[in-house]
Amino acid sequence: MIKLRMKRGIHPKERKISSSKEIQEFPLPKRVIIPFSQHTGKPAIPIVKKRQEVKTGEKIGEASGFISSPVHSSVTGKVKALETVLLPNGSSSLAALIDVTGEDVLAEPTWPVKDISSLTPGEVRKITREAGIVGLGGAVFPTSVKISPPEEYPIDSIIVNGSECEPFLTSDHRLMVEHAEEIFKAAQLLKEVIKASHGYIAIEDNKPDAIEAFEKLVSGLEAWDVVSLRTHYPQGAEKSLIKVILNREVPMGGLPFHVGALVQNVGTLYAIYEAAVKGVPLTKRVVTVTGDGVPNPSNYMVRVGTNAREVLEAAGAELDNLEKIIFGGPMMGLSVKTPDIPVLKSTSGLLAIKRAYRGKVYPCLYCGRCVVVCPLQITPTRLVKYIQAGMWDQAKKFGLFNCMECGCCSYVCPSNIPLVHWIKYGKYMVRRMETK
Ligand code: SF4
Ligand code: SF4
């Protein structure tokens, strides 16, 4: 086993209070709301109509471009309506409202289901595309595109990302403990597809049971190593992992394939296994429900489209007594105004907070702490000054779009300056101007 740690970043309190809670199947909801935009790229195009009956796993939205992904019904039921709904990031999307009419009747998969070891690279790409598989670590980038890098960029290393460095979240941890074999089989499959010579399974050392499970699986295999990472944030970000494990730097504006690497989250690998071996598209995911406003912190296998309100209430959250609800973790998650938002493919956790910390904002002290912790060596205080002044070209030059929005700079700022919020605002403004 290899032991490593990242150099910059922070170590917030881990608060993994649900880490010993086994994954429970969340009860079948009465209705699901399935947005057609749940991934990076163009939204899917609806292929169902009002009152149409659909089966579990049936495709209801078709990918609309190379960087796009289909969406599937997570239940057996009838389409009640096609409506615009609110998403966790504050934007909106057309969605199918599907009323459940009974127990699951599974749709026939639209890809070949056969022995996993006999699948060709082309078939694996087709499966990931047709099954609507996207990166479940947060980026929701279509997996079929990610595993098809340009030929001039050969990949030599695959990194299985089981870091889960965000405080509170334990969905990946539980998947690794309960489904290590399935995850590893899918990782071996992808290693063959991209022709990588070596594979690394990266897990932070606050998950010793997951490390042990994978150590057993790679025992005797020369092409695989388990990497035990000293717990640190944001070590699980792709660029951080590549730097720590391979000592390679993804260039500004570049992608992992530019440095010969592919990083795959463990949840995504589990979804690939389910699609390849069982013919089931991505219609469920593990969601950690946690926070000081949750009496029974839990890990649920939740159907995509389930109302977050139902999931929070199942874990005992008193929604009227909460100050904050976050989709995801406390560092990179999205704070929402209402719990009536569907669980998406990207929803790794629901965080219910009774008392949120809101410190008074003071002027910058030029202490440099934000610079010291930034994993991408951006100078956040300077970048934010350019954004506040509307100096967009300068902001871009100083790494506006290189920022991974990890929030380390805001976390350490003694003046409570919401640096990452300013950076998100800057990105939004520049994108808006550039699309006009
Ligand atoms: S500037 Fe971006 S990448 Fe750097 S610490 Fe702040 S949020 Fe993280
Ligand atoms: S951490 Fe805060 S106070 Fe210190 S330099 Fe950065 S923005 Fe200024």
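The values are calculated or read from the model by the stated rules, or taken from the named source; none is laboratory data. On a predicted model such as this, the values are computed, not experimentally measured, just so you know. Cβ: placed from backbone, ideal geometry, glycine included. Neighbour counts: every protein chain shown.
Key figures for this structure:
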quantity: Residues of segment 407-436 satisfying the condition of being of a type in the set (Ser, Thr, Tyr) and either at pLDDT below 95 or away from ligand 1 (no atom under 15 Å from the Cβ) (or both); calculated: 428, 435
quantity: Total residues in segment 372-406, condition under 17 Å from residue 237 (Cβ atoms) and either more than 10 Å from ligand 1 (Cβ to nearest atom) or touching a His at 6+ places or on another chain (Cβ under 6 Å) (or both); calculated: 1
quantity: Given (1) without any contact (Cβ under 8 Å) to a residue 24 or more places away in the chain; (2) within 16 Å of ligand 2 (Cβ to nearest atom), number of the condition residue 362 does not satisfy; calculated: (1)
quantity: Residue match in segment 235-250 (condition: surrounded by fewer than 24 Cβ atoms within 10 Å (Cβ to Cβ), closer than 27 Å to residue 420 by Cα and without any contact (Cβ under 8 Å) to a residue 12 or more places away in the chain); calculated: yes
quantity: Segment 334-392 - residue that is farther than 30 Å from residue 248 by Cβ and of a type in the set (Lys, Arg) and, of those, surrounded by the fewest Cβ atoms within 10 Å (Cβ to Cβ); calculated: 360
quantity: Some residue of segment 347-355 being more than 16 Å from ligand 2 (Cβ to nearest atom), without any contact (Cβ under 8 Å) to a residue 40 or more places away in the chain and over 17 Å from the mean Cα position of the chain (by Cα); calculated: no
quantity: Cβ-Cβ under 6 Å pairs, at least 6 apart or on other chains, segment 135-161 side among the aromatic types (Phe, Trp, Tyr), far side at pLDDT 95 or above; calculated: 141/135; 153/257
quantity: Condition check for residue 330: within 30 Å of residue 382 (Cα to Cα) and not assigned by TED's automatic domain parsing to the domain that holds residue 270; calculated: no
quantity: Residue within segment 188-201 that is of a type outside the set (S, T, N, Q), outside any helix (DSSP H, G or I) and more than 28 Å from residue 375 (Cα to Cα) present; calculated: yes
